[in-house]
1. Accessible area per residue of region 1-130 at 1.4 Å probe, in Å²?
2. How would V90, V162 line up by accessible area, probe 1.4 Å, largest first?
3. For an R0 of 22 angstrom, estimate the FRET efficiency from the Cβ-Cβ distance between N48 and F97 and round to the nearest 0.05.
4. Give me the dipole magnitude in Debye, nearest 20, for region 1-157 about the Cα centre, with unit charges on the beta carbon: positive for Lys and Arg, negative for Asp and Glu.
5. Residue by residue, what Karplus-based ³J(HN,Hα) values in Hz, rounded to whole numbers, does region 139-147 have, using 6.51, -1.76 and 1.60 with θ = phi - 60° and x for Gly and Pro?
6. What accessible area, in Å² to the nearest ten, does a 1.4 Å probe give for R22?
7. FRET efficiency for R122 and F69, Cβ-Cβ distance as r, R0 = 35 Å, nearest 0.05?
8. Got a number for carbon plus sulfur as a percent of region 6-138's accessible area, 1.4 Å probe?
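The values are calculated or read from the model by the stated rules, or taken from the named source; none is laboratory data. If you're wondering where the values come from, they're calculated on a predicted model, not measured in any experiment. Counting neighbours? That spans all protein chains shown, and the Cβs are built from the backbone with ideal geometry, glycine included. The area values use the complete protein model at the heavy-atom level, side chains included, leaving out ligands, DNA and RNA. Shrake-Rupley method; radii C 1.70, N 1.55, O 1.52, S 1.80 Å.
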Amino acid sequence: MSVMFPILIIAIGIAVLALGKRVAVLGAAVGAIVGVALLSIFPTLLENPLVALLIPGGLALLGFFAAAFAKGMVRIVLLVFGALAGAAVVAAFLNLFSPDLGWLGFLLEFVGGVVGFMLIRRYREWGLIILSGFIGALLVTRGLIGLMPALDGTLRGIAIIVLAGGSIGYQGGFLNRGKSTEVAKTTDTPPPAAPPPAAPPPAAPPPTE
């Protein structure tokens, strides 16, 4: 496997971790993770470095432009991407930890799709943040495994949790909340009161004759 494949996956994952709540970026993320899932189903494709790069990269571009040009149907597109993202997240988890579940794996992926659909339907912005956080974390972890095959299951799980949690905190605004609170305090503090005016000088005594 070419070293460019894991580097490409890591780069896409980092972009998703930072910007995944944007619909076009989430579309690219879904395309990329579907491409990675296809390569895991057909591992012989990894023997050709060009094909290994084109499948996730091409599907990421397709998802990006599909989301960007479908703004007139944003709600429908989001629901579709939510379902695909939920199923893709479960598929990626299974690929990393339990690759041979058979029909149970398909059932879990279906449940993941339903959960993703409901997340976007009821909590649009938070659904995007949560799904993109896990997709980005899974992409980065998948790329790291390509560079470091000895990365075991425990470290994979820790990496996914840390990356997903950091992305959700960043995109949700939790990491900037303390800073914004400090700024709000400084801007809300009234300016110091002006000093009282100085007393007028005493009147001059009347002239004596």
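1. 54 Å²
2. V162, V90
3. After rounding to 0.05, the efficiency reads 0.25.
4. My answer is approximately 660 debye.
5. 3J(HN,Hα) across region 139-147, in whole Hz: 5, 4, 5, 4, x, 5, 5, x, 7.
6. Probe radius 1.4 Å; accessible area of R22 about 150 Å².
7. After rounding, the FRET efficiency stands at 0.85.
8. 76 percent
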